[in-house]
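Q: Here it is: the structure, laid out below.
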Amino acid sequence: MIPGQFDYHRPSSKQEALQILGELGGDAFPLAGGHSIIPMMKLRLAAPEHLVDLGAIDELKGVSIGGNVIEIGSMTTQHELLTSSELSQACPIIQETSALIADPQVRYCGTIGGNVANGDPGNDMPGLMQCLDATYVLESNSGAREVGARDFYNGIYDTALNEGEIVTLVRIPTPAAGHGYAYCKLKRKVGDYATAAAGVILNMSGSTCQSASIALTNVGDTALYAAEASDSLAGSDLGDDAIDRAVSLAEGITSPVSDMRGSEEYRSKMAGVMVARAIRLAAERAS
Amino acid sequence: MNKQPSRKEREAALEGIGTSRKRVEDPRFTQGKGNYVDDIKLPDMVHGDFVRSPYAHARIKKINTEAALAVPGVLAVLTADDLKPFNLHYMPTLAGDVQAVLADEKVLYQMQEVAFVVATDRYSAADGVELVEVEYEELQPVIDPFTAMDKDAPVLREDIKDAKEVGGHGPRKHPNHIWTWEAGDQKATDKAFKDADVAVEEMISYQRCHASPMETACCVASFDKINGALTVWGTFQAPHVVRTVAALISPLPEHKIRIIAPDIGGGFGNKVGVYPGYIMAIAATVVLGIPVKWVEDRIENLSATAFARDYHMKGELAATKDGKITGLRCYTLADHGAFDACVSASKFPAGLFMICTNSYDIPNAFVSVDGVYTNKTPGGVAYRCSLRVTEAIYMVERMVDILAQKLGMDPAELRMKNMITPDQFPYTTTFGLQYDSGDYPAAFKKAMKAVGYDKLRKEQAKMLEDFKAGKSRKLMGIGISTFTEIVGAGPSRVCDLVGLVGTFDSCEVRVHPTGAAIARFGTKSQGQAHETTYAQILSTEMGIPAADIEIEEGDTDTAPYGMGTWGSRSTPVGGAACANAARKVRAKAQKIAAHVMEVSEKDLEWDIDTFRVKGAPDKAMTMKEVALAAYSNVPEGLEMGLEAVEYYDPPNFTFPYGAYICVVEIDTDTGETAIRSFYALDDCGTRINPMIIEGQVHGGLTEAFAISMGQIIDYDETGNVIGASFLDYFIPTAVETPVWTTDHTVTPCPHHPIGAKGVGESPNVGGVPCFSNAINDAFAALGGVHTQMPHTAPRVWEHAKELGLVA
């Protein structure tokens, strides 16, 4: 549990950070909370020569809600998300999810940007951002671009990020007023990654589902947007048959690994159980 | 003149036996002011770290240390070849086997110690470890203990392949066989099974788990070359045993070895034995002449220090059709890993497994245990229990439930029917253990009444009905365990360690002229709060306020020789030594008081802290006054001073018991279990500090919960250890931990000076079967018989699936 040697940088502006990362290229790794990279370094599974700590960059922090869009700076901590009163009005599922990440100590350090950018399928925010159809703003010293959360993840620790590029902003279309939402996470104990988790957003018109969005956490190489399952709910009454159909479509896209959290079959079935529970809870909450 | 304090005020000032005195250790522990091994920093101290094997079974072809030695700060890289000339590459284990200190030609388990890197700082040591190049040739591993004695199984222990026996336990059947241990009357038991109306049989596996103390294993070794003296600070549960073993295997004489156990952050059996890290720190300090520190990290602790359990028990019960148990048989396969480093008294390789007849009047029993080697970490320690007691009680408590199920009888009723009754004490079990006291039915009835047992069964039936009707997906389970523990090892005529020293323990009390005192012990607290409770025993026995008594343990230069703290032995053995030493002090004090007051010794009576002249109660001397007289005015023929030493060898073990009942609700969709309630009634005899007892029960139940619901050190088929970090290894937080309801009865132990029996391990022994019975009970009415621990959500779900309860 003793890391190898590395240099530590703590830039105070985005400009400076992008410059350092651009110059150092593949030898550098951005530090955005550190709850993945630091344990990996202690196990000597990762050995970046330079750590670039983004924690002192104020312009990467904060939540702003305007018009139809919610913008969250990538270095906003989970704790800050949890205590944002605007967010609790506009998009409460973010807080429901944040509260299920690790424990309070971790949430004081862990950031939304670190959570989405690392490409760890166990992280909760990648699934949630796909559920919300968020867009990530990626910046490097050669400019900025935008990639949708649903297109960002290629595999385990494999994302659309290029060398020298970081996520600077998460942009979320504000869910419609009265939307139903739920993030249901099965885990072994507080602080654990999900055995399986599901995020659901529903827009209802009376007892009919107008549209639905379902995403899954930790049951594949990446978090998964369950497109067919989502579409299958549109126009339905969210009765048992409709939910069973969505569950089976969602289970169909999972490919979890067998580990201490359970067998492949169990984890896939649990993804289904979480989807059913999240749909029912979201329907209850919708107005 | 000051008003004389009332008796009540004097009693309050003593804070003796029965007082919930606040723990005197807590001010330092809660303020981060404890003094643990890693807090020890000596001038010129250097640091050691291990190169460990990535393979479970492999031959070492070559070790190249060149690159590691080139790292700035690295002072030495030691391998088995460096130790061989001093015969230090193997060390004796407490089980009579030997264990490699550094792998000699072969590695036998993943994470085995291969080389030791010493450097000026911890970082350089780790850098050095990374650069030691070891060339391995992989060999076929033996992971499943059931295949260890197969004809074509690879021979694991080439170093002892010709040894006829290991640890003096009789002939070996196979090169991977360690010993067979048997007890009981096989013929009579076989006959009981032949004649039985009903018999049940089940494979009850108790998984490999780990005691995982908060503080990992560590030590600082410092060799003074001028005086030829070695001092070792370490996380030792039994410091004197470590000193004696060190004297036996090194050229150093015992008086030049000083072992100090400072504050210990939990032991739970994991810190009784000796680990290669200790030997290497000592070897390195002897070579370098400067202090060497070795501190494990968490993964090393979970994967390379002693595991617990790994007992696979085929339990059998025979009974009449109306539920009288007539026989118990159990064949056990014990997986000991690569070396037999099991902590056991040398005559009992399977510990006190013969406690398996438990609280029941079972006339015939026979048990047989085979120990085998596999390519796994050595160990077999008693994780918060007496040696192999939790395994035995788990097996029998599961089997009793399984028998009840077969008989169609309520498990509570079956237990009542077979319990030893109060009039049967002292009761000799079929294995020859002498239970000295108890009232099992009274305790069990009290427990059943407290939880509203009959009402719970009705509620369970209703929930089952709803489940069957598709109205609910939840099942309710009621777990019962009634248990008798065997602790306080133990009478030296039957128990010893390393075949040399008996399992007595000791106390030395010295009263100072002003009436304050110091007492030293051969035991060693790891969180049990000996500094608090020993002072309470002394206070009651000597009439000196507990707050005026300093308790010291853990330094072999100052403490009297003792066997240390494990197997709930501190109160039964150390506590008895404590009471007897205090009684010797009081007896001498009485002589002095009589002399000063010019009366006969017989004319004095003891009044909690004062000697009074019978018939003239105002003529009195307090113990404080006697203490001063002991240094100034003693009768002729009596030596000055007021002190005593007691080496106490118990006449028997003690037998705490209890009755636990747990209610669970299982979500069959996810396999998750919610613990609705847990009631624990313990009878530990005389209660020294009720608050500390309650704390011990809470801690023990929390560990029992952890073991039964989640803890497992698993291996894949190639011998990779799985789950050896706190990400996977289940340590419940406050969020997961159930709420405990504790209760008690008091049946003092007749042979213990103050009637105390020990309590720290009861909740683990009774708790594990209680949880497991609850889970199994939830499925009993739906065809479930037994599902193996740990009862994690996926395993419970698989069980429900096997029974056709999930789609």
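The values are calculated or read from the model by the stated rules, or taken from the named source; none is laboratory data. Model, not experiment: these values are computed from the prediction. When we count neighbours, we look across all protein chains shown, and the Cβ atoms used for this are built from the backbone with ideal geometry, even at glycine.
Q: If I go through the stretch B:665-690 residue by residue, how many of them are surrounded by fewer than 24 Cβ atoms within 10 Å (Cβ to Cβ), among the acidic types (D, E) and away from chain A (no Cβ under 14 Å)?
A: Within the stretch B:665-690, residues that are surrounded by fewer than 24 Cβ atoms within 10 Å (Cβ to Cβ), among the acidic types (D, E) and away from chain A (no Cβ under 14 Å) number 1.
Q: Please specify each residue of the stretch B:343-360 satisfying the condition of being under 17 Å from the mean Cα position of the chain (by Cα) and polar (S, T, N, Q).
A: Matches in the stretch B:343-360: B:S344, B:S346.
Q: Here is a further query. Restricting attention to the stretch B:506-547, report how many residues are farther than 18 Å from B:R10 by Cα, in contact with an Asp or Glu (Cβ under 7 Å, 6 or more places away or on another chain) and assigned to a loop (DSSP other than H, G, I, E, B).
A: Of the residues in that region, 5 qualify.
Q: Kindly check whether there is at least one residue in the stretch A:17-26 that is within 24 Å of A:D124 (Cβ to Cβ), in contact with a Leu (Cβ under 9 Å, 6 or more places away or on another chain) and in contact (Cβ under 8 Å) with a residue 24 or more places away in the chain.
A: No, every residue in the stretch A:17-26 fails to be within 24 Å of A:D124 (Cβ to Cβ), in contact with a Leu (Cβ under 9 Å, 6 or more places away or on another chain) and in contact (Cβ under 8 Å) with a residue 24 or more places away in the chain.
Q: Please verify whether B:M623 is within 18 Å of B:G543 (Cα to Cα) and of a type outside the set (V, I, T), treating the condition exactly as stated.
A: Yes, satisfied.
Q: Test of understanding: among A:A46, A:A102, which residue is within 14 Å of chain B (Cβ to nearest Cβ), within 28 Å of B:P72 (Cα to Cα), under 23 Å from the mean Cα position of the chain (by Cα) and among the aliphatic types (A, V, I, L, M)?
A: Unique residue meeting the criteria: A:A46.
Q: Out of B:T523, B:T556, which single residue is more than 21 Å from the chain's Cα centre (by Cα), crowded, with 23+ Cβ neighbours inside 10 Å and at negative phi?
A: So the residue among B:T523, B:T556 that is more than 21 Å from the chain's Cα centre (by Cα), crowded, with 23+ Cβ neighbours inside 10 Å and at negative phi is B:T556.
Q: Same structure, new question: Cβ-Cβ under 9 Å, sequence separation 6+ or interchain: first residue in the stretch B:421-449 and crowded, with 17+ Cβ neighbours inside 10 Å, partner among the charged types (D, E, K, R) and part of a helix (DSSP H, G or I). Which pairs?
A: Close Cβ pairs (under 9 Å, with a partner that is among the charged types (D, E, K, R) and part of a helix (DSSP H, G or I)) amount to B:Y440/B:R415; B:F444/B:R415; B:M448/B:D454.
Q: If B:H255 passes every condition in (1) free of Cβ contacts under 8 Å to residues at least 40 places away in the same chain; (2) part of a loop (DSSP other than H, G, I, E, B) but one, which one does it miss?
A: That leaves (2) as the condition not met.
Q: For the stretch A:16-46, how many residues meet the condition of being part of a helix (DSSP H, G or I), farther than 29 Å from B:R52 by Cα and of a type outside the set (G, A, S)?
A: Matching residues across the stretch A:16-46 total 7.
Q: Might you let me know whether the stretch B:568-588 holds any residue that is small (G, A, S), surrounded by fewer than 15 Cβ atoms within 10 Å (Cβ to Cβ) and within 24 Å of B:G755 (Cα to Cα)?
A: Yes, there is a match, as at least one residue in the stretch B:568-588 is small (G, A, S), surrounded by fewer than 15 Cβ atoms within 10 Å (Cβ to Cβ) and within 24 Å of B:G755 (Cα to Cα).
Q: With modelled with pLDDT under 95, buried (at least 24 other Cβ atoms within 10 Å of the Cβ), farther than 24 Å from B:Y657 by Cα and touching a strand residue (DSSP E or B) at 6+ places or on another chain (Cβ under 8 Å) as the only criterion, which of B:G379, B:G371 stands out?
A: Going through B:G379, B:G371 in turn, just one is modelled with pLDDT under 95, buried (at least 24 other Cβ atoms within 10 Å of the Cβ), farther than 24 Å from B:Y657 by Cα and touching a strand residue (DSSP E or B) at 6+ places or on another chain (Cβ under 8 Å): B:G379.
Q: Considering B:G315, B:G351, which residue is in contact (Cβ under 8 Å) with a residue 60 or more places away in the chain, closer than 30 Å to B:P441 by Cβ, out of contact with any Gly (no Cβ under 8 Å at 6 or more places or on another chain) and away from chain A (no Cβ under 14 Å)?
A: Exactly one of B:G315, B:G351 is in contact (Cβ under 8 Å) with a residue 60 or more places away in the chain, closer than 30 Å to B:P441 by Cβ, out of contact with any Gly (no Cβ under 8 Å at 6 or more places or on another chain) and away from chain A (no Cβ under 14 Å), namely B:G315.
Q: Restricting the stretch A:232-259 to residues that are within 14 Å of chain B (Cβ to nearest Cβ) and surrounded by 18 or more Cβ atoms within 10 Å (Cβ to Cβ), which is farthest from the chain's Cα centre (by Cα)?
A: Across the stretch A:232-259, the extreme among qualifying residues is A:I243.
Q: Run down A:A215, A:A197, A:A229 and say which single residue is within 14 Å of chain B (Cβ to nearest Cβ) and either in contact (Cβ under 8 Å) with a residue 24 or more places away in the chain or out of contact with any strand residue (DSSP E or B) (no Cβ under 9 Å at 6 or more places or on another chain) (or both).
A: A:A197
Q: Can you say whether B:A80 is at pLDDT 95 or above, within 30 Å of B:K164 (Cα to Cα) and either surrounded by fewer than 21 Cβ atoms within 10 Å (Cβ to Cβ) or not acidic (D, E) (or both), as far as the supplied structure shows?
A: yes
Q: Tally time: how many residues in the stretch B:749-795 are outside any loop (DSSP other than H, G, I, E, B), in contact with a strand residue (DSSP E or B) (Cβ under 6 Å, 6 or more places away or on another chain) and either modelled with pLDDT under 95 or within 14 Å of another protein chain (Cβ to nearest Cβ) (or both)?
A: 2
Q: Looking only at the stretch A:5-16, decide whether some residue is away from chain B (no Cβ under 14 Å), within 23 Å of A:D120 (Cβ to Cβ) and either buried (at least 20 other Cβ atoms within 10 Å of the Cβ) or of a type in the set (S, T, N, Q) (or both).
A: No - not one qualifying residue is present in the stretch A:5-16.
Q: Could I ask something else about it? I'm checking my understanding of the structure. Among residues of the stretch B:113-127 that are part of a helix (DSSP H, G or I) and of a type in the set (A, V, I, L, M, F, W, C), which one is farthest from the other protein chains (Cβ to nearest Cβ)?
A: B:A125
Q: Follow-up question, since we're still on this one. Taking the condition of being surrounded by fewer than 23 Cβ atoms within 10 Å (Cβ to Cβ) and outside any loop (DSSP other than H, G, I, E, B), how many residues in the stretch B:128-144 meet it?
A: Summing the residues that are surrounded by fewer than 23 Cβ atoms within 10 Å (Cβ to Cβ) and outside any loop (DSSP other than H, G, I, E, B) in the stretch B:128-144 gives 8.
Q: Report whether or not A:E80 is modelled with pLDDT of 95 or more, within 30 Å of A:R285 (Cα to Cα) and not in a loop (DSSP other than H, G, I, E, B).
A: yes
Q: Counting just the residues of the stretch B:484-515 that are small (G, A, S) and touching a Lys or Arg at 6+ places or on another chain (Cβ under 9 Å), which one comes out surrounded by the fewest Cβ atoms within 10 Å (Cβ to Cβ)?
A: Among them, the one singled out is B:G499.
Q: Another one. Got a sec? Which of A:R188, A:R171 is among the basic types (K, R) and either away from every other protein chain (no Cβ under 14 Å) or in contact with a His (Cβ under 9 Å, 6 or more places away or on another chain) (or both)?
A: Exactly one of A:R188, A:R171 is among the basic types (K, R) and either away from every other protein chain (no Cβ under 14 Å) or in contact with a His (Cβ under 9 Å, 6 or more places away or on another chain) (or both), namely A:R171.
Q: Restricting attention to the stretch B:311-334, report how many residues are in contact with a Pro (Cβ under 9 Å, 6 or more places away or on another chain) and surrounded by fewer than 24 Cβ atoms within 10 Å (Cβ to Cβ).
A: Number satisfying all stated conditions: 3.
Q: Select, from A:K189, A:K269, the only residue that is free of Cβ contacts under 8 Å to residues at least 40 places away in the same chain, more than 28 Å from A:Q89 (Cα to Cα) and buried (at least 21 other Cβ atoms within 10 Å of the Cβ).
A: The match here is A:K269.
Q: Oh, and also: Tell me yes or no: at least one residue of the stretch A:166-178 is aliphatic (A, V, I, L, M), within 27 Å of A:A102 (Cβ to Cβ), at pLDDT 95 or above and out of contact with any Asp or Glu (no Cβ under 9 Å at 6 or more places or on another chain).
A: No, the stretch A:166-178 has no match at all.
Q: Would you confirm whether or not the stretch B:288-296 contains a residue that is among the aromatic types (F, W, Y), over 26 Å from B:L75 (Cβ atoms) and either crowded, with 24+ Cβ neighbours inside 10 Å or not assigned by TED's automatic domain parsing to the domain that holds B:F339 (or both)?
A: No, the stretch B:288-296 has no match at all.
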